[in-house]
Amino acid sequence: MSELRNILTDSVNGLFGDRVTKDLLTDFDQTGNDGGLWEEIEAQGLTRPLVSEENGGVGGEWRDAHVLLFASGYHAAPVPIGETILATWLAEKAGLAVPDGVSTIIDGRQDLTLSGGRLSGTVARVPWASKAAHAVVTAEDQGTTKIGLLALGNATVSGGENAAREPRNDVTLDSVALDMRPLPNDVPADGILLYGAMMRAAQIAGAMERVLEQTVDYANERKQFGRPIGKFQAIQQELARMAGEAAASAVIAEAPFAALDAGQPAQRLIAAAKARASEAAGTGASVGHQTHGAIGFTYEHNLHFLTRRLWSWRSEFGSQRFWWRRLGQGTVSRGASQFWPDITG
């Protein structure tokens, strides 16, 4: 692990470990207030790991960003750190101004119309749009994907949230003039979908790790018939299954970050990571709640802060079915001779 990655790991886990408490998460659920957490994240320079030093970042690698995303999932941090990391990176890649503060990402290729330099249309369930000042947006222009930086004050942003009470807003544009530029050659046309899926996979893996830890701890503390329930074989089997799912999601979720750092293609790895992590999320949440019993759903216990995020994140930026199908279609299109290399590679 690089020196920068060590620093980021210590910084983000120290900050989230101290600040993301049950009280903070409860208040966020009720009011949408993060208790000043975002300001502290920015003060520590954790929102621009992929941006160059010239633009106020640290010039890090993708695996540096992975550290921050995994930690945000592990601690259930109620902030748009992933969306901001991707938005600032994309903005710099496209030669746009790197936005300050909270930013988000909008894939408008299907829902927005670009005509004469003006954008119109509505994109549903944009993450954190109601908290963001800017969004990096993509749209199609005569068969070419273009990218621009949108000031969300020029858009109509509706209410909405996911099961974790994180904002998921409809964003409507009414002939908004925007400087839309060609997408950089090394960014795929569906880059926002791809990198968003990669981000969610890393966050799911982090949340899975924490749910596993909490569930094992509870199984060793909760007694039934005179001994901890974790001593019963049926519970042990379920915990072992959950541990396997957590380990699998952690390994595959990091793989595309490493591939990008090595300059290797990552699209198939991203698809596999999101599909596998989303599948694991269902198992993790199920075993966690079965082991905890009814208390896991109550505000007296903080398990539900994690599992509600798992339930939400597994379908965002493509569900497991979406990504499994995409992987399968890609394998079929490459022909029978590539079937085994695709499976083993």
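Being among the small types (Gly, Ala, Ser) and surrounded by 13 or more Cβ atoms within 10 Å (Cβ to Cβ) is the filter here, so list the residues in region 1-23 that pass it. Let's see the steps before the verdict.
Applying the first criterion (among the small types (Gly, Ala, Ser)) to region 1-23 yields 2, 11, 14, 17.
The one that is among the small types (Gly, Ala, Ser) and surrounded by 13 or more Cβ atoms within 10 Å (Cβ to Cβ): SER11.
Quick one: would you say GLY35 is loosely packed, with under 14 Cβ neighbours inside 10 Å and small (Gly, Ala, Ser)? Lay out the reasoning, then the answer.
Numbers: loosely packed, with under 14 Cβ neighbours inside 10 Å: no; small (Gly, Ala, Ser): yes.
No: the conditions fail for GLY35.
Out of region 317-339, which residues are out of contact with any Asp or Glu (no Cβ under 6 Å at 6 or more places or on another chain) and within 30 Å of THR104 (Cβ to Cβ)? If you could, list the steps in order and put the result at the bottom.
Step one: filter region 317-339 for residues out of contact with any Asp or Glu (no Cβ under 6 Å at 6 or more places or on another chain), giving 317-319, 321-330, 332-339.
Selection gives PHE317, GLY318, SER319, ARG321, PHE322, TRP323, TRP324, ARG325, ARG326, LEU327, GLN329, GLY330.
I need a count of the residues in region 21-46 that are closer than 17 Å to ILE81 by Cβ and either modelled with pLDDT of 95 or more or in a helix (DSSP H, G or I) (or both). Show your work before the answer.
Looking only at region 21-46, we keep the residues that are closer than 17 Å to ILE81 by Cβ, and these are 24-25, 28, 32-46.
From the residues that got through so far, the ones that are either modelled with pLDDT of 95 or more or in a helix (DSSP H, G or I) (or both) too are 24-25, 28, 32-43, 46.
So the count comes out to 16.
Name the residues in region 124-165 that are β-branched (Val, Ile, Thr) and either surrounded by 23 or more Cβ atoms within 10 Å (Cβ to Cβ) or touching a residue at least 60 places away in the same chain (Cβ under 8 Å) (or both), would you?
Start the filter on region 124-165 by keeping residues that are β-branched (Val, Ile, Thr), which leaves 126, 136-138, 144-145, 147, 156-157.
Passing the criteria: VAL126, VAL136, VAL137, THR138, ILE147.
For region 285-328, enumerate the residues that are within 12 Å of MET208 (Cα to Cα), in contact with a Ser or Thr (Cβ under 6 Å, 6 or more places away or on another chain) and not in a loop (DSSP other than H, G, I, E, B).
ALA285, GLY288, listed by residue number.
From GLY296, GLY318, which residue is under 18 Å from the mean Cα position of the chain (by Cα) and buried (at least 18 other Cβ atoms within 10 Å of the Cβ)? Full working, then the answer.
Details: GLY296 fails: under 18 Å from the mean Cα position of the chain (by Cα).
The match here is GLY318.
The values are calculated or read from the model by the stated rules, or taken from the named source; none is laboratory data. As the structure is a computational prediction, the values presented were derived from the model and not from experiment. Every residue, glycine as well, gets a Cβ built from its backbone with ideal geometry; the counts of neighbours run over all protein chains shown.
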